[in-house]
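The numbers here are math on the coordinates, done by the rules we state, and not lab data. Note that the coordinates shown come from a computational prediction; the quantities given were computed from them, not determined experimentally. A quick note on method: Cβ atoms are made from the backbone with ideal geometry, for glycine too, and the neighbour counts reach across all protein chains shown.
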Amino acid sequence: MQRPRSYGTASDIGPFESSPPYVIGGRVSRAETCHIVCGPQSLDVTNGTFRFDGLPAGTHTVTASNPSFLILPQRVAVGPDTLDVTIKTYRWNNLDLEMSSNGIAHLVYAGTNGQMIRIITSTDLQQWVSLSAQTVNSSNYFEVFDDQAAGHPVRFYRTTQP
């Protein structure tokens, strides 16, 4: 929560000070609507952003729900405010491309525990090669990193069942 300067014994850096009670805010990836809970507080998100006010210092678990998505809970430490939280959501039975770095593609598949999935890739949509074969774990997702994506201006992915 923003407070007039100064709070406490000395000013911190910047045009405002962070003091208790604290704030957790951020956005929800992919799912524009969901129900989010943080301790006793809850809200329905309709625009992809959220904010919880009046939180004590410490670590809080932020959970969200939407039946169309697998949503990973986030543990967030406050004291000072934390305003850049991203709640990651993955559409069920879908392969999502996360941010890649250094030319390595980060892929996430959300599915049913025990489901076997093969990821195949192509640079021309005609010749497909196997990238990975995975079994969805008890967390209902798996991740694959494609280090062969570097050097290819275009890379396509799809899933098949073995």
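How many angstrom lie between the Cα centre of segment 22-56 and the Cα centre of segment 143-162? Here the answer is 33 Å between Cα centres. Mean separation of Cα pairs under 8 Å and 6 or more residues apart, divided by the residue count, gives segment 92-160 a relative contact order of 37 percent. Stretched out straight at 0.36 nm per residue, the stretch from residue 137 to residue 161 would grow longer than its current Cα-Cα span by 7.1 nm. Taking other residues whose beta carbon is less than 9 angstrom from the beta carbon of residue 22, and scoring Lys, Arg as +1 and Asp, Glu as -1, yields -2.
Taking a sphere under 11 Å around the Cβ of residue 134 and counting the other residues whose Cβ falls inside, with K and R at +1 and D and E at -1, yields a net charge of 0.
Distance between the modelled labels on residue 120 and residue 145, one decimal in nanometres: 2.6 nm (7 Å Cα→Cβ projection). Restricting the chymotrypsin sites (Phe, Trp or Tyr not before Pro) of segment 36-102 to loop positions (DSSP other than H, G, I, E, B) with no more than 16 neighbouring Cβ atoms within 10 Å leaves 92.
Counted over segment 57-162 with a bin width of 10 Å, the fraction of Cα pairs per bin, in whole percents, is 13, 37, 30, 15, 4, 0.
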